[in-house]
Amino acid sequence: MSDSNDGSTYELHVPIETLRAATSVLLRHLEQLEGPVVTLREDYFWSIPADDLYDVIREPSALTIGQLSESLAHLASVSSHPDAALSYGLVWLADVLRAIGHDVVR
């Protein structure tokens, strides 16, 4: 996304350690609330294609449908075969974590 004032490209530097620490704290909190398993009540969700997701100037042209059980299956595969991990696995993780965050609001 470009800064509308000077045309420069915006860059957000994200420390991996910040992500790791926050994830650890949030998963501990979730486990205290829900125990070792979280039950989600929905499987399908609306998804915005990546090309449209970060273009906040235009309204998204199309929505797609995602499936939490599919994202979770991909995550299980990543866990079983860590050498084959893809960075796109973070998108599957985000799908599931977003659903949990929406469902377990405490």
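The values are calculated or read from the model by the stated rules, or taken from the named source; none is laboratory data. Quick caveat, the model's predicted, so the values are computed rather than measured. With ideal geometry, Cβ positions are generated from the backbone for all residues, glycine too; neighbour counts draw on all protein chains shown. For the accessible areas, the whole protein counts, side chains as well, though only heavy atoms, and no ligand, DNA or RNA atoms are used. Shrake-Rupley method; radii C 1.70, N 1.55, O 1.52, S 1.80 Å.
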**Message:** Between 0 and 90 degrees, rounded to the nearest ten: what's the tilt of helix 16-34 against the longest Cα principal axis of the chain?
**Reply:** 40
**Request:** Determine how many Å³ per residue the convex hull of the Cα atoms of the stretch 5-105 encloses.
**Result:** 159
**Translational D in µm²/s for the stretch 5-60 (Stokes-Einstein at 4 °C, 1.567 mPa s, Kirkwood Rh from C-alpha pairs)** = 83
**Request:** Tell me the chymotrypsin sites (Phe, Trp or Tyr not before Pro) within the stretch 1-93 that lie in a loop according to DSSP and have at most 12 other beta-carbon atoms within 10 Å.
**Result:** Tyr10, Tyr54, Tyr88
**Prompt:** Using a probe of 1.4 angstrom, how much of the accessible area of the chain is carbon and sulfur, in percent?
**Reply:** 59
**Request:** Please give the per residue accessible area of the chain, computed with a probe of 1.4 Å over protein heavy atoms only, in Å².
**Result:** 83
**Prompt:** Where q = 0.13, 0.21, 0.25 Å⁻¹, what log10 of I(q)/I(0) comes from the Debye formula for the stretch 57-106, counting one point per Cα?
**Reply:** -0.41, -0.81, -0.94
